[in-house]
Amino acid sequence: MSTAKIVMLVIYAVLGALAVSMGETATGIWSLRILLLLAAVHAVETVVFFGLCKRAPGSLPAHVLNVFLFGVLHVQELKARGVQ
């Protein structure tokens, strides 16, 4: 797993922890909003790049999950491997 993907996972974990632990404070509310915005953007990316995921060798569900979690980072890895 690349360093960028690990950083993304840490960001998700921090935002999730803040959203849960800070609850109804401004920090908690904004953390949740940012997480929801990221989920919406990555959901759109998943739809846009679904065809690329289908053409990539390996597990389709794994590629779809990776695009949902990491977006363009995973797409760049697929393209670097020669998936068109």
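The values are calculated or read from the model by the stated rules, or taken from the named source; none is laboratory data. Model, not experiment: these values are computed from the prediction. Virtual Cβ from ideal backbone geometry, glycine too; neighbours counted across all protein chains shown. The protein model used for the area step is the full one, side chains on, heavy atoms only, and it has no ligands, DNA or RNA in it. Shrake-Rupley method; radii C 1.70, N 1.55, O 1.52, S 1.80 Å.
A compact table of results
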item: Angle in degrees between helix 26-48 and the longest Cα principal axis of the chain, rounded to the nearest 10; result: 10
item: Global geometry of region 5-53, whether rounded, prolate or oblate, following the gyration tensor of its Cα atoms and the 1.5 cut on a/c; result: oblate
item: Residue order for Thr27, Thr46 - accessible surface, 1.4 angstrom probe, largest first; result: Thr27, Thr46
item: Listed residues Ala26, Ala39, Ala13, most fluctuating in the chain (Gaussian network, C-alpha, under 10 Å); result: Ala26
item: Principal-axis tilt of helix 60-70 within the chain, Cα atoms, nearest 10 degrees; result: 40
item: Angle between the chain longest axis and helix 3-21 axis [Cα atoms, degrees, rounded to 10]; result: 30
item: Per-bin percent of Cα-Cα distances, the chain [10 Å]; result: 18, 42, 26, 11, 2
item: Where trypsin sites (Lys or Arg not before Pro) fall in DSSP loop in region 16-84, at most 13 other Cβ within 10 Å; result: Arg81
item: Accessible area of His74 in the full protein assembly, 1.4 Å probe (Å², nearest 10); result: 10
item: Percent carbon-and-sulfur accessible area, region 6-84, ignoring ligands, DNA and RNA, probe 1.4 Å; result: 75
